[in-house]
């Protein structure tokens, strides 16, 4: 099945964020297959000891109520079956029951100010809507998940990674440190609840309030479907045919027999697990978990020094940095050209944030040999560097040309670089855009052969336990991660 990249949880100025609705959709269409703008809807049980917090949220809810017709119109106007899927939805907060995205299946939807989760679930059943719970790892009562109150039919997947951090497992270098709800609670994590016997799929989404869908390093969902329509994507989510990534668009495959992630096979079925990973950087590890514990771990060696050769190559271009104390915005216009090669794909790694809220990050494919990148970077954003991962089909020692013009707080800059595959295999190539040491910079990094990065194998369980689930946890050498939804072997009903 095709991997459709999705952000099912992003905010802007309609609520209590920044950035226009139009810009949100322009960014989403430039880098995603599926998008749900989720305005803030209601919080029935806010803390009574924080009037400033309450006033802030109430003002956001009122803005959403006034402008929800715009939200509905935009989702339907931007929907293009087979090309770009947009959903209508809203967010419901609760101190006791946790926070949910309400996502409607079709062209209609409405705000519903439920006072309890039971009321919200009844509304979702009437509307055939999904309830996707997020930042589940916070303590119960502090807007973490109330797992006992979940309805698995309404909540087939949960969000395990976002700008809040990692809710999959309790210890991570992507800790939950950015908000006032505290850090991760071990028993609340997705891993703990899967071990306890619950069945749900995994997704990630950004949850940022800067009007920037797909902001890098803040979470994305992979949805597996060949039907890029609202109906097809909704069905795939209901079937748990999903997985989560932190930022890089890592391609995962996990299957057994005819099953894929999210499926349940009979307990007696053969435990022959096939897995494959197509990363965007060298792999640190590929871990196969059985019932939440490590069944097998692979630590692939870094590829050996390569020589220029025909085939598919990955090259990462990063740009940004600037001096540490700077609040300047840098606008980038990059032209990337190839000789003796063609672009197979260009994966966006664009960082959003409060800076640049009126600008776009996007890749424009002009021809098989030419790309244009329009982007912005700033030290005021959570990540001051953006990038593009180029997948290049080469006849041999291809030539790469990259020229750029920049604007840093009104100061014009630019550069021209030209190199070959053979030269890049020896050293990175750098440019700075202004004549000062701390100027914004750009790097063309080490090329990697796609077939040398790819990992695939088949693993047969030597000691199945009976009622088992299997899943993947993957980490690249650059820290980017992916978590698959499990495959279950069980005779217990779904």
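The values are calculated or read from the model by the stated rules, or taken from the named source; none is laboratory data. Everything numeric in this text was worked out from a predicted model, so none of it was measured. FYI the Cβ positions are ideal-geometry reconstructions off the backbone, even for glycines, and counts take in every protein chain you see.
Report the residue count in the range 425-465 for those that are over 29 Å from the mean Cα position of the chain (by Cα) and not in a strand (DSSP E or B).
Adding up the residues that qualify gives 15.
Which of (1) surrounded by fewer than 16 Cβ atoms within 10 Å (Cβ to Cβ); (2) assigned to a helix (DSSP H, G or I) is the odd one out, the single condition residue 47 does not satisfy?
(2)
From the list 443, 492, 436, pick out the single residue that is closer than 25 Å to residue 324 by Cα and modelled with pLDDT under 95. Show your work before the answer.
On the way: 443 fails: modelled with pLDDT under 95; 492 fails: closer than 25 Å to residue 324 by Cα.
Result of the check over 443, 492, 436: 436.
Restricting the search to the range 280-303, which residues are over 14 Å from residue 482 (Cα atoms) and either touching a residue at least 24 places away in the same chain (Cβ under 8 Å) or in a strand (DSSP E or B) (or both)?
If we filter the range 280-303 for residues that are over 14 Å from residue 482 (Cα atoms), which is where we start, we get 290-303.
The answer is 290, 291, 292, 293, 294, 295, 296, 297, 298, 300, 302, 303.
Here are some conditions: (1) at pLDDT 95 or above; (2) part of a loop (DSSP other than H, G, I, E, B). Residue 142 meets all but one. Which one does it not meet?
If we test residue 142 against (1) at pLDDT 95 or above; (2) part of a loop (DSSP other than H, G, I, E, B), just (1) comes out false.
From the list 233, 277, 261, 315, pick out the single residue that is in contact (Cβ under 8 Å) with a residue 40 or more places away in the chain and assigned by TED's automatic domain parsing to the domain that holds residue 83.
Numbers: 277 fails: assigned by TED's automatic domain parsing to the domain that holds residue 83; 261 fails: assigned by TED's automatic domain parsing to the domain that holds residue 83; 315 fails: assigned by TED's automatic domain parsing to the domain that holds residue 83.
When all the criteria are applied, what remains is 233.
Taking the condition of being surrounded by fewer than 16 Cβ atoms within 10 Å (Cβ to Cβ) and not in a strand (DSSP E or B), how many residues in the range 370-405 meet it?
Qualifying residue count for the region: 1.
So residue 94 fits all but one of (1) in a loop (DSSP other than H, G, I, E, B); (2) at pLDDT below 95; what number is the exception?
(2) is the only condition that residue 94 fails.
Would you be able to tell me the number of residues in the range 99-139 that are surrounded by fewer than 22 Cβ atoms within 10 Å (Cβ to Cβ), in a loop (DSSP other than H, G, I, E, B) and out of contact with any helix residue (DSSP H, G or I) (no Cβ under 7 Å at 6 or more places or on another chain)?
6
Yes or no: residue 161 surrounded by 15 or more Cβ atoms within 10 Å (Cβ to Cβ) and more than 25 Å from residue 488 (Cα to Cα)? First the steps, then the outcome.
Working: surrounded by 15 or more Cβ atoms within 10 Å (Cβ to Cβ): yes; more than 25 Å from residue 488 (Cα to Cα): no.
Answer is no for this residue.
Given the conditions (1) surrounded by fewer than 18 Cβ atoms within 10 Å (Cβ to Cβ); (2) more than 24 Å from the chain's Cα centre (by Cα), which single one is not true for residue 338?
Here residue 338 clears every test but (1).
To keep it simple, each residue is scored yes or no on (1) within 21 Å of residue 142 (Cα to Cα); (2) modelled with pLDDT of 95 or more; (3) not assigned by TED's automatic domain parsing to the domain that holds residue 234.
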| position | (1), (2), (3) |
| --- | --- |
| 9 | yes, yes, no |
| 12 | no, yes, no |
| 25 | no, yes, no |
| 40 | yes, yes, no |
| 46 | yes, no, no |
| 61 | yes, yes, no |
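Quick check on this structure: which one of 6, 59 is more than 21 Å from residue 117 (Cβ to Cβ) and not in a strand (DSSP E or B)?
Values: 6 fails: not in a strand (DSSP E or B).
Testing whether each residue is more than 21 Å from residue 117 (Cβ to Cβ) and not in a strand (DSSP E or B) leaves just 59.
Taking residue 358 as meeting all but one of (1) at pLDDT 95 or above; (2) surrounded by fewer than 17 Cβ atoms within 10 Å (Cβ to Cβ); (3) in the same structural domain as residue 392 (by TED's automatic domain parsing), write down the number of the exception.
Going through the list (1) at pLDDT 95 or above; (2) surrounded by fewer than 17 Cβ atoms within 10 Å (Cβ to Cβ); (3) in the same structural domain as residue 392 (by TED's automatic domain parsing), residue 358 breaks only (1).
Taking only the range 263-279 into account, find how many residues are within 28 Å of residue 477 (Cβ to Cβ) and in a loop (DSSP other than H, G, I, E, B). Write out each step before concluding.
First, the residues of the range 263-279 that are within 28 Å of residue 477 (Cβ to Cβ): 273-279.
Cutting the leftovers down to in a loop (DSSP other than H, G, I, E, B) gives us 279.
The qualifying residues number 1.
Specify the residue that is farthest from the chain's Cα centre (by Cα); the eligible residues are those in the range 261-280 that are closer than 27 Å to residue 314 by Cα and surrounded by fewer than 20 Cβ atoms within 10 Å (Cβ to Cβ).
So the residue we want is 274.
Kindly establish whether residue 482 is surrounded by 16 or more Cβ atoms within 10 Å (Cβ to Cβ), assigned to a strand (DSSP E or B) and either in contact with a helix residue (DSSP H, G or I) (Cβ under 9 Å, 6 or more places away or on another chain) or assigned by TED's automatic domain parsing to the domain that holds residue 202 (or both).
Values: surrounded by 16 or more Cβ atoms within 10 Å (Cβ to Cβ): yes; assigned to a strand (DSSP E or B): yes; either in contact with a helix residue (DSSP H, G or I) (Cβ under 9 Å, 6 or more places away or on another chain) or assigned by TED's automatic domain parsing to the domain that holds residue 202 (or both): no.
The answer is no for residue 482.
For residue 168, all conditions in the list (1) crowded, with 23+ Cβ neighbours inside 10 Å; (2) under 22 Å from residue 233 (Cβ atoms) hold save one; what is the number of the exception?
(2)
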